[in-house]
Amino acid sequence: MSKFELKLPRMGESVAEATLTTWLKEVGDTIEMDEPIFEIATDKVDSEVPSEVEGILIEKRYEVDDVIKVGDVVAVIEISGNTEMDTSEDETDEDEGVAEEMVAAAEHAMVKAKDTVGIPTADYSASDRFYSPLVKNIAKEEGISFEQLEAIVGTGKEGRVTKNDILAFVSNNGEIATAVAHKPEVKKETVEEQPREVISPVTEKQEGQTKVTGGDELTPMTRMGKLIAKHMTDSVSTSAHVQSFIEVDVTNIVNWRNKMKNAFEQREGEKLTFTPIFMEAIAKALKKYPMMNISVQGDAIIKKKNINIGMAAALSDGNLIVPVIKNADQLNLVGMAKVVNDLAYRSRNNTLKPDEVQEGTYTVTNVGTFGSVFGTPIINQPQVGIMALGAIRKIPAVIETEEGDFIGVRSKMYLSHSYDHRVVNGALGSMFAKTVADYLEAWDVNREI
């Protein structure tokens, strides 16, 4: 018998840790190769982590809601046979050094960011209570003092403060009456001397905040929702957002797709949507204008070698996920359709892998799915551009012919291009959008796939 240590895998260059959300197996359970053992969550994606071996789960190193660093051992699996599988000895020093550097860099960046914005770094280690790393991180990010954290009533095992407990405390601006009433060090006579707070039907929060009435429902934001909100506000404060809009006649594409979609589905087993067509056009435009395929790092510009297009998708819980089509310019239309359909399906079912939402160089969002004619999307940092695809509508339009101008029914849509005016001027931003439009309008109705 030998033991295999299942570690948290690398999840992209910018991800150094994840939160354990669910154990899918218990100690003593038999594990199959590639069978999911536990689920994790980052600010970008929820994902299952599969086993690399067959065996029996004999040890769990972390609990639900704990924050785990990349490379940490999460579970130990006992395997049969003579092959030694203890990965703690097998990994090279170089790989371990890279993982340690990634973690150290992420921790340094977090500390630096907190110092910059003035977030308190309270010491919670003096408490007799157990707080998970996730709870401590949330407390530090929200500026919750040691005394406030001690006052929160935990609903977890043996009175532990859970993620939901601390998020509820945050959503109520720290006003949880039961937290003070159950604080261990408060004496009975002290409580009796204080007048009991009566919560009126209308409770006004701090000055400048929204009033909460008796009929309102207060729902804490999820961890992912809070991180996305911060990512969006950071982007607005970082980039100088400018938009260009262009109308596109996609009548040829609509007619071509209507003609080809049934045969395509029968042959490939895949639906032919408009999305891969738009992605192909945008990939070609990025190749023509490589200065749209860049990112900003301080006072320097990083020109990206690969064209990796992010495909923004809304989830059922209202959060946003952006799976990435890697090397989009190297895919033909059939390959693009298969990748788009696969990523869209697994986005809806929360089965994306962490590395599938990493390394995007440009992003596309389809606001037309929800009926919007056009939108002004927020740039996905550290990229410098994002394009919104509006709804396709049949409208009366002027048709130019050799015999003169006529009015006819055409299928049209708007492209909305948001770009970072720090490094992308109006000419480049507009020419890029025009190139995408030109490619779409020149679609060959006799094209075979």
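None of the figures in this text is laboratory data; all of them are computed from the coordinates on show. This is a predicted model, so every value here is computed, not measured. So basically every Cβ, Gly included, is an ideal-geometry build from the backbone, and we count neighbours across all protein chains shown.
Before moving on, here are some points about what is shown:
- For segment 253-265, the Karplus equation 6.51 cos²θ - 1.76 cosθ + 1.60, evaluated at θ = phi - 60°, returns couplings of 5, 4, 5, 5, 5, 4, 6, 9, 4, 5, 5, 5, 5 Hz by residue, with Gly and Pro reported as x.
- Legend: residue pairs K271/K305; K271/K394; K7/K163; K284/K412; K288/K412, Cα-Cα distance threshold 27 Å; pairs beyond threshold, K271/K305.
- Ranked for footprinting exposure by Cβ neighbours inside 10 Å, fewest first, K60, K412 give K60, K412.
- For segment 299-366, the fraction of alpha-carbon pairs lying more than 13 Å apart is 65 percent, rounded to a whole number.
- Dipole axis of segment 337-449 (+1 Lys, Arg; -1 Asp, Glu on Cβ), positive-most option in N366, A427, W443: N366
- Arranged from fewest to most other beta-carbon atoms within 10 Å of their beta carbon, S416, S372 become S372, S416.
- Peptide ranges 67-74, 227-234 listed from the most packed, as the mean C-beta count within 10 angstrom indicates: 67-74, 227-234
- Under the Debye formula (equal points on every Cα, no solvent term), log10 I(q)/I(0) of segment 240-441 at q = 0.09, 0.12, 0.15, 0.18 Å⁻¹: -0.35, -0.62, -0.96, -1.34
- Per-residue Karplus couplings for segment 379-389, computed as 6.51 cos²θ - 1.76 cosθ + 1.60 with θ equal to phi - 60°, are listed in order as 4, 8, 4, x, 6, 10, x, 8, 10, 9, 9 Hz, Gly and Pro entered as x.
- Here the mean projected area of the convex hull built on the C-alpha positions of segment 338-449 is 10.1 nm².
- Burial ordering of E403, E356, E54, fewest other beta-carbon atoms within 10 Å first: E403, E54, E356
- Sorting the segments 235-247, 284-296 by their residues' average number of neighbouring beta-carbon atoms within 10 angstrom, most packed first, yields 284-296, 235-247.
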